[in-house]
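A.B. asks: Sharing a structure below in structure tokens format, with a few things to ask.
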Amino acid sequence: MSAANRSIDEYLKKTHQTMSRMDLSDAKRLSDYLFEAWRQRRFIFVFGNGGSGATASHFAEDLGKNALREADLADDTKKRPRVMSLTDNTSWITALANDIGYEHVFVQQLVQYAQPGDVVLAISGSGNSPNVVTAVNWAKRRGLLTFGLTGYDGGRLRQIQQDGLHVPIHDMGIVESVHLTVLHWVVDDIHARINSRVPQPA
């Protein structure tokens, strides 16, 4: 967990220092993958546990709603991202956890919905959440693109993902803050690209 008794200035300084050590081209590649998924009508599946699960839900809502201009939301002919957070179906998650095991709560949803070419965005501060690792391993074997958001040393997720963005600090609060900041930028970038005046391929 986060270190205690830091001032707000210290916390924000540490967050800024951490981001300055990252390769932010990773965020640009993530935006490219998701924009291409939008172009090709592929699904984007997002998931994580705890704070990362909340980030997954937040990002899916933001990308689903905010990729279009507000004036276009009522137009059902507008192509929008097909994005789903696998953290939000409480009854299904608890049934899977109870009947099969918690490590299966994401992979079983992918079995239900996913197709080769879809995108998996897996979020894990430690990189070692068994249910996240299980789902990413399955997705790779089935021809999905896997992108991980990690912190600490990246754990198992960083080893098995096809691409990813790593936050190099052993502080969960800062890791999760950076993940959400990066994902807010990704939504802004995709919004700009979808709504640009440059014609996009059908």
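A.B. asks: Compute the distance in nm between two label points, each set 7 Å from the Cα along the Cα-to-Cβ direction, one at R39 and one at N195.
C.D. replies: Using points 7 Å along Cα→Cβ, the separation is 2.1 nm.
A.B. asks: For segment 9-194, give the magnitude of the charge dipole about the Cα centre (Cβ charges: +1 Lys/Arg, -1 Asp/Glu; no others), in debye to the nearest 20.
C.D. replies: Here the size comes out at about 620 debye.
A.B. asks: Could you name the lysines in cross-link range of K79, using Cα to Cα under 19 Å and dropping any fewer than eight places away on the same chain?
C.D. replies: K65
A.B. asks: What do the square roots of 5 times the Cα gyration tensor eigenvalues come to for segment 47-191, in whole Å, largest first, as semi-axes of the equivalent ellipsoid?
C.D. replies: Semi-axes from the Cα gyration tensor: 24, 20, 14 Å.
A.B. asks: So if I place +1 on the C-beta of Lys and Arg and -1 on the C-beta of Asp and Glu, and nothing else carries charge, what would the dipole magnitude of segment 1-70 be about its Cα centre? I want it in debye, nearest 20.
C.D. replies: That gives a dipole near 140 debye.
A.B. asks: Starting from the amide H of V46, placed 1.01 Å from N in the peptide plane, find each other amide H under 5 Å away whose residue is 5 or more places distant or on another chain.
C.D. replies: Long-range HN contacts for V46: M84, S85, L86, L121.
A.B. asks: Starting from the 7 Å offset along Cα-to-Cβ, what nm value, one decimal, do you get for the label separation of R29 and T181?
C.D. replies: Label-label distance for R29 and T181, simple model: 2.1 nm.
A.B. asks: Further question: Exactly which trypsin sites (Lys or Arg not before Pro) in segment 56-121 are in a DSSP loop and have at most 10 other Cβ atoms within 10 Å?
C.D. replies: none
A.B. asks: For segment 107-123, what does the Karplus curve 6.51 cos²θ - 1.76 cosθ + 1.60, with θ = phi - 60°, yield as ³J(HN,Hα) per residue in whole Hz, taken in order and with x for Gly and Pro?
C.D. replies: 5, 5, 6, 5, 4, 6, 10, 7, 10, x, x, 5, 10, 10, 10, 9, 10
A.B. asks: Could you grab the relative contact order for the chain? Cα pairs under 8 Å, six or more apart, rounded to a whole percent.
C.D. replies: On the way: 333 pairs, mean separation 52.3, N = 202.
Relative contact order for the chain comes out at 26 percent.
A.B. asks: Assuming R0 = 25 Å, can you tell me the calculated FRET efficiency for the pair S7 and H170, based on Cβ-Cβ distance, to the nearest 0.05?
C.D. replies: That gives a FRET efficiency of 0.80.
A.B. asks: For segment 94-154, which chymotrypsin sites (Phe, Trp or Tyr not before Pro) pass both filters: DSSP loop (anything but H, G, I, E, B) and at most 12 other C-beta atoms within 10 Å?
C.D. replies: Passing both the DSSP loop test and the Cβ count: no residue.
A.B. asks: What whole-number value in cubic angstrom gives the convex hull volume per residue for the C-alpha atoms of segment 140-187?
C.D. replies: Cα-based convex hull of segment 140-187, divided per residue, equals 72 Å³.
A.B. asks: Let me ask you something else. Quick one: Debye curve from the alpha-carbon atoms of segment 108-202 only, equal weights, vacuum; give me log10 I(q)/I(0) at q = 0.17, 0.23 Å⁻¹ to two decimals.
C.D. replies: The Debye formula, applied to the Cα set alone, gives -0.80, -1.09.
We did not get these values from a lab; they are worked out from the coordinates using the rules stated. A quick note: this is a predicted structure, and the numbers were derived from the prediction, not measured. Note that we place each Cβ from the backbone using ideal geometry, even for glycine, and neighbour counts take in every protein chain shown.
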